[in-house]
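*Asks:* The structure's right below; bear with me while I get my questions together.
The values are calculated or read from the model by the stated rules, or taken from the named source; none is laboratory data. Predicted model only: the values in this text are computed from it and were never measured. So basically every Cβ, Gly included, is an ideal-geometry build from the backbone, and we count neighbours across all protein chains shown. Surface areas here come from the heavy atoms of the whole protein model, side chains and all, with no ligands, DNA or RNA. Shrake-Rupley method; radii C 1.70, N 1.55, O 1.52, S 1.80 Å.
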Amino acid sequence: MLHILGKIPHRVTVACSGGVDSMVIVNFLLAGKKKVTVAHFNHDTVHSKQAEFYVKKFCGKNKLNLVLGRVKGSRGKRSLEEFWRDERYQFLESLGSDFIITGHHLDDAVETWIMSSMHGNPKIIPYKRGNKIYRPFLLTSKRQITNFAKSKQIEWIDDPSNQSYTHARNLVRHKMMPDILRINPGIRKVIKKKILE
């Protein structure tokens, strides 16, 4: 079961990587008769070519409008994660859509809160970024998304970099979270309350 935060209009654009989160969101909205445009951002990695091909094929099969973007700027002193995030949001904000959905979910919110807390500034991912980027699936856990995909036989493509410990978030996700959940099994409920405040 997917939990929705706020109201989703009839016409939306979905930021779609081809991964399970965004593929579930696209399929869920299509099943709800929403008019969906897909926005795919190419991060110029080894996986990116395969992911773009996958999303293109899906959109072609389902007759969906597809908008493509790719890394253009210079990384400078930013971490790779910061650089990708900045470039991705710049692309999304340049689109003409008034309601752009990203695939952020409850586990993302928990990880962000933990990472930011370790730097002395705990942050909750907001429902809305700027004037047109929304995160209506923030109350849905990763497990609920994956279970939904399996129950509806939704296919997706995995990014191998999500298992790499070179990215700080993956260390939190794969190494720290099992222990954090042992210490506080209700941490998702804690963060869910903060999202709703």
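*Asks:* Please go through the range 110-183 and write out the chymotrypsin sites (Phe, Trp or Tyr not before Pro) that DSSP classes as loop and that have at most 13 other C-beta atoms within 10 Å.
*Replies:* Details: sites: W113, Y127, Y134, F137, F148, W156, Y165; in loops: Y127, F137, W156, Y165.
Answer by residue number: Y165.
*Asks:* Moving on to the next point. Nothing charged except the Cβ atoms of Lys and Arg (+1) and of Asp and Glu (-1): what's the magnitude of the dipole of the range 70-126 about its Cα centre? Round to the nearest 20 debye.
*Replies:* 340
*Asks:* So, one more: So what are the ³J(HN,Hα) numbers for the range 110-118, from phi and the Karplus equation (6.51, -1.76, 1.60; θ = phi - 60°), rounded to whole Hz, Gly and Pro as x?
*Replies:* 4, 4, 5, 4, 5, 4, 6, 5, 5
*Asks:* Amide H to amide H, which residues 5 or more places from C16 or on other chains are under 5 Å from it, using H placed in the peptide plane?
*Replies:* Those qualifying (amide H under 5 Å, at least 5 residues apart or on another chain) are A39, H40, F41.
*Asks:* Could you state, as a whole-number percent, how many of the C-alpha pairs of the range 1-41 are farther apart than 12 Å?
*Replies:* When all Cα pairs of the range 1-41 are counted, 59 percent exceed 12 Å.
*Asks:* For the chain, with only Lys/Arg (+1) and Asp/Glu (-1) charged at the beta-carbon, what is the dipole magnitude about the Cα centre, in debye rounded to 20? Don't skip to the answer; put the middle values down first.
*Replies:* Details: 35 positive and 17 negative charges, 106 e Å.
Roughly 500 debye, rounded to the nearest 20.
*Asks:* Something else about it: Any idea how far the Cα center of the range 126-154 sits from the one of the range 51-72, in Å?
*Replies:* Rounded to whole Å, the Cα centres lie 19 Å apart.
*Asks:* Enter the per residue convex hull volume of the range 30-94, computed from alpha-carbon coordinates, in Å³ rounded to the nearest integer. Let's see the in-between values first.
*Replies:* Numbers: hull volume 6.6 nm³, N = 65.
Taking the convex hull of the Cα positions in the range 30-94, it is 101 Å³ per residue.
*Asks:* With every protein chain present, what accessible area does R129 have (1.4 Å probe, heavy atoms only), rounded to the nearest 10 Å²?
*Replies:* The value for R129 is about 90 Å².
*Asks:* Can I ask one more? Using a Förster distance of 41 Å, how high is the FRET efficiency between M118 and K61, based on the Cβ-Cβ distance and rounded to 0.05?
*Replies:* Working: r = 43 Å, r/R0 = 1.04.
E between M118 and K61, to the nearest 0.05, is 0.45.
*Asks:* Can you list residues from other chains, or at least 5 along the same chain, whose modelled amide H is less than 5 Å from the amide H of K35?
*Replies:* It is R11, V12, by chain and number.
*Asks:* How charged is the neighbourhood of V71? Take every other residue with its Cβ under 11 Å from the Cβ of V71, and add Lys/Arg as +1 and Asp/Glu as -1. Each step should come with its number before you reach the end.
*Replies:* Values: positive: R70, K72, R75, R88; negative: D44, D86, E87.
For residues surrounding V71, the net value is +1.
*Asks:* To continue, here is another question. Accessible area, 1.4 Å probe, largest first: how do M176, M115 sort?
*Replies:* Working: M176 65, M115 45 Å².
Correct descending sequence by accessible area is M176, M115.
*Asks:* Show the residues, 5+ positions off or on another chain, whose built amide H is closer than 5 Å to the amide H of V71.
*Replies:* Amide H neighbours of V71, under 5 Å, 5+ apart: N42, D44.
*Asks:* Provide the solvent-accessible area of S17, counting protein heavy atoms only and rolling a 1.4 Å probe, rounded to the nearest 10 Å².
*Replies:* Estimated to the nearest 10 Å², S17 gives 70 Å².
*Asks:* Something else about it: How big is the shadow of the Cα convex hull of the range 114-190, averaged over all directions, in nm²?
*Replies:* Numbers: hull surface 28.5 nm².
Approximately 7.1 nm², given one-decimal rounding.
*Asks:* At 20 °C and a viscosity of 1.002 mPa s, what translational diffusion coefficient does Stokes-Einstein give for the chain, taking Rh as the Kirkwood radius over Cα pairs? Give it in µm²/s as a whole number.
*Replies:* Here the translational diffusion coefficient equals 122 µm²/s.
*Asks:* In sequence order, what are the phi-derived ³J(HN,Hα) couplings for the range 87-103 according to the Karplus relation 6.51 cos²θ - 1.76 cosθ + 1.60 with θ = phi - 60°, rounded to whole Hz, with x for glycine and proline?
*Replies:* For the range 87-103, the Karplus-derived couplings read 5, 5, 5, 4, 5, 4, 5, 7, 6, x, 5, 8, 9, 10, 9, 9, x Hz, x marking Gly and Pro.
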